[in-house]
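Let me begin by presenting the structure, written as C-alpha cells, before commenting on it.
What follows is calculated from the coordinates using simple rules that are stated; it is not laboratory data. If you're wondering where the values come from, they're calculated on a predicted model, not measured in any experiment. FYI the Cβ positions are ideal-geometry reconstructions off the backbone, even for glycines, and counts take in every protein chain you see.
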Amino acid sequence: MKSRTSAERRNTTQRIGFIFLRIVAIIAVLPIIAIIAIIVYKGASAISWEFITGFPSNGMRSGGIWPAIVGTFFLTMGCAILVTPVGIGAAVYLAEYAPDNRWTQSIRIAIINLAGIPSVVYGLFGLGLFVIFLNLGISIVAGAFTLAIMTLPVIITTTEEALRAVPQSFRVVSISLGATQWQTVRRIVLPQALPGMITGVILGLERAAGETAPILFTAAVFYLPQLPSSALDPTMALPYHLYVISTQVPGMEPEIQYGTALVLLAFVLGMNLLATVVRSRARARRQW
Amino acid sequence: MKFPTIKSESLITGIIKITGYSAIIFVGLIFYFLISEGLPAITKVPFSEFLKTRWYPIEDYFGILPMLVGSFIVTVGALIIAVPIGLLTAIYISEVASRRTKEFLKPLVELLGGFPSVVLGFLGLLILSQYLREILNLPTGLSALTGALILAGIAIPAIVSISEDALDAVPKSYRDASLALGATEWQTIWWVTLPAAKSGVLTAIMLGIGRAIGETMVVLMVTGNAPMMPKGLATFFNPTRTMTATIAAEMGEVANGSTHYNVLFFIGIVLFVIALIVNVTASTFVFRRKKRSERILS
C-alpha cells in the first residue's frame with residue numbers, strides 16, 4: 001500500500017501548509033487591529049468637547065484641534081466639488097462614448113500613470129502651477145486643486161466600473177425606444193450606476209482627506225489664530241497637524257497626539273464605512 | 001452598439017470628450033511643470049555633481065546619490081517583507097479561507113491601505129522605533145529598517161488586494177482538472193492556480209513597489225533623514241533618507257527659483273520617471289496576459 005502512504009504524506013504537507021498560510025494571514029491582519037486598538041485606547045481620553053471645538057494653545061501643547069478639522073473639511077469639500085464633475089465625465093466618456101482605439105488606450109495609460117505618481121510630486125506640481133504660476137498662493141483652493149488632480153484617477157476608475165456594471169440590455173432598450181445616446185446616459189445609465197459612483201467618489205475623497213504630502217507646500221500652515229475666511233486663505237489640516245505635533249513640537253503630550261490621530265482616523269474610516277454602507281445597500285436593492 | 005450622431009447633443013458630447021481626455025492633459029501638465037522648474041537645475045549644477053555623495057545645499061553640494069540609494073534600500077527592505085506576506089495572505093484568502101473568513105479578511109486588509117500614512121508614521125515614531133531601539137540595541141530607532149517595516153504595511157494591502165483578484169479570476173475548471181488528476185489542493189495552488197495568476201501577481205508586486213517608493217510621510221518621520229551613503233548590511237540599522245522625504249522636508253524652506261528649488265524639482269522628475277517605469281511595466285503585464293488569452297481563444 002505504498003500509494004496510500006504517499007497520499008497520507010501529501011495530506012500532511014497540505015495540512016501543515018494551510019496552517020502556515022493561516023499564520024501568515026494572521027500576521028498580516030494583526031497589525032491593523034493593533035493600530036486601531038492602540039489609537040482608540042490611547043486617544044479616547046483626549047477626546048472632549050473642548051478638544052474638538054477649541055483652538056490650539058500654549059504652542060499646540062494644549063487646547064483643541066478645531067481649525068485643523070475645519071481645514072480638512074474645506075479641503076476635502078473643495079476637492080469633491082472640483083473632481084466629481086470631471087471624474088464622472090471622464091468615466092462616462094470611457095464607458096459609453098470612447099471608441100476602442102489608440103487614443104483611448106493612451107487615456108488609460110495616462111490614468112494608470114496619474115494613479116502612480118508619488119503624492120509629494122503632486123505637491124511639487126501644485127506648488128509650481130497653482131501656488132506660483134496661477135498666483136493663488138498657499139491657499140485652500142490651491143490645495144483643493146492639487147488634491148483633486150491626485151484623486152481623479154481613483155474616481156474615474158471606480159465610476160467607470162460602476163457604469164460598466166449596468167447591463168447592456170438597458171441601453172439597447174433605451175435606443176430602441178428612440179432615445180439618443182445622451183438621453184440614455186442621463187436617464188438610464190447614470191441613475192442605475194449612482195450608488196457605485198458615490199462609493200467611488202467617497203473612496204477617492206477618503207484618500208484626499210488623509211494625505212499630507214500634496215498639501216505641504218500648497219495649502220497647509222503650522223498654526224492659524226483664526227479660521228480661514230476665504231478660499232484664498234491658507235489653512236490648518238488634520239494630517240499636517242498630526243505631522244507637526246509629532247515631529248516639530250518638543251514636549252508634546254502623547255495624549256493630544258493620539259487624540260489627533262484618533263480624530264483623523266475616525267474621519268477617514270468613517271468615510272470608508274459610509275462607502276461600504278452605500279455599496280451594500282444598493283447591492284441589496286438592485287434588481288439586475 | 002452604435003448610436004446615431006445628433007447635432008443638438010454635440011455640445012454635451014464635446015464636454016464629455018474633453019473630460020475624457022483630462023487625464024492625458026494633467027499628466028502632460030505635471031510633466032511640463034516638473035521640467036520647467038526642474039530642468040534649470042542641470043544648467044546651474046554640473047550633471048556630475050548630482051552623482052556625488054554629498055548633499056549639503058547651503059554650500060552648493062547637490063549629490064542626490066545618497067537619496068537615490070536610500071529610496072532603493074527602504075523599498076527593497078519593504079518588498080522583502082511585503083511580497084511573501086502579501087502573496088501568502090492573498091493565497092490564503094482566495095484558496096483556503098471559508099467564504100465568511102474571506103469576506104471579513106479582505107476588507108480588513110484593504111482598510112489598512114486607506115489609513116493615512118501620517119498616522120502610520122506617527123505610530124512608527126512613537127512605538128515601533130522605540131521597540132526596535134531597545135530590542136536591537138541601536139543608538140536610534142529611526143532607521144531604514146523602521147521605514148521598511150512600515151512601508152511593508154503600506155505595500156501589503158495593494159499586493160493582497162490585486163493578487164487575490166488575480167487568483168480569484170483563475171477559472172475554476174483549471175483547479176477541477178488538477179484535482180481530477182489526483183493533485184492535492186496544496187499542489188494545485190502552487191502548480192496550477194498561482195502560475196495561471198502570474199501576470200496579475202506581478203502587477204500587484206509592481207504596484208506595491210510604486211506605493212513604497214513614492215511614500216513620503218512615513219519615511220520622512222521614521223527613517224532619521226540623514227543623507228549618508230550606505231555601507232554594507234549595517235545600512236538597514238542606520239538612519240537614511242529618501243528622495244521623497246528630501247523634497248517634503250526642504251521644499252518649504254527654499255526660495256522660489258533658487259538652485260536648491262530647481263534641484264528639488266529635479267528630484268521630482270527622477271521620482272516621476274521611476275513611477276512611470278514602474279506603472280507602465282505593471283500595466284504591460286496585464287496587457288500581455290490579455291493578448292495571450294486572446295491567442296488561446298482564437
Build a GNM of chain A with springs between Cα atoms under 10 Å: which of A:Ile38, A:Ile52, A:Ile16 gets the top mean-square fluctuation? A:Ile16
By what distance, in whole Å, do the Cα atoms of region A:233-280 stretch along each of the three principal axes, largest value first? 45, 30, 11
Using a 10 Å cut-off on Cβ atoms, rank the peptides A:40-46, A:194-200, A:95-101, A:105-111 from the highest mean neighbour count down. A:194-200, A:105-111, A:40-46, A:95-101
Is any helix in chain B, taking whole DSSP H runs, at least 18 angstrom long along its axis by alpha carbon and on average at least 0.0 on the Kyte-Doolittle scale, and which ones? B:22-38, B:65-91, B:144-168, B:198-214, B:259-297
Here P(r) for region B:1-99, Cα-Cα distances in 10 Å bins, as whole percents, is 12, 17, 18, 20, 20, 13, 2
Partner shielding of A:104-114, as the mean number of partner chain Cβ atoms within 10 Å, equals 6
Equivalent-ellipsoid semi-axes (√(5λ), Cα gyration tensor) for the protein assembly as shown, whole Å, largest first? 37, 33, 25
Candidates B:Glu185, B:Glu164, B:Glu215: whichever shows maximal mean-square fluctuation once chain B is modelled as a Gaussian network with Cα springs under 10 Å: B:Glu185
Taking the alpha-carbon centre of each part, the distance from region A:208-233 to region A:110-124 in Å is 20
Proxy reagent accessibility, fewest Cβ within 10 Å first, across A:Arg285, A:Arg61: A:Arg285, A:Arg61
Projected-area mean, region B:142-298, by convex hull of Cα positions, square nanometres: 12.7
Take every residue in peptide B:265-277, count the Cβ atoms of other chains within 10 Å of its Cβ, and give the average of those counts. 4
Average silhouette area of region A:57-164, convex hull of alpha-carbon atoms, in square nanometres: 8.7
Dividing the surface of the Cα convex hull of chain A by four yields a projected area in nm² of 23.6
Taking the Cα centroid of region A:244-288 and of region A:131-151, what is the distance between the two, rounded to the nearest whole Å? 24
Contact order normalised by residue count of chain A, Cα under 8 Å, 6+ apart, percent: 27
State to the nearest 20 debye the size of the charge dipole of the protein assembly as shown about its Cα centre, where the only charges are +1 on K and R beta carbons and -1 on D and E beta carbons. 2400
Between A:Ser169, A:Ser48, A:Ser139, which gets the highest mean-square fluctuation from a Gaussian network model of chain A, Cα cutoff 10 Å? A:Ser169
With every atom except the alpha carbons ignored, what do you get for Rg and Dmax of chain B, in angstroms? 23.2, 75
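Taking neighbour counts of Cβ atoms within 10 Å as a proxy for exposure, in what order, fewest first, do B:Val45, B:Val118 appear? Show your work: numbers first, answer last.
Details: B:Val45 20, B:Val118 29.
By the 10 Å Cβ count, ascending: B:Val45, B:Val118.
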Ranked from fewest to most other Cβ atoms within 10 Å of their own Cβ, A:Trp288, B:Trp186 fall in the order A:Trp288, B:Trp186
At 1.567 mPa s and 4 °C, Stokes diffusion of region B:37-167 via Kirkwood alpha-carbon radius, µm² per second: 74
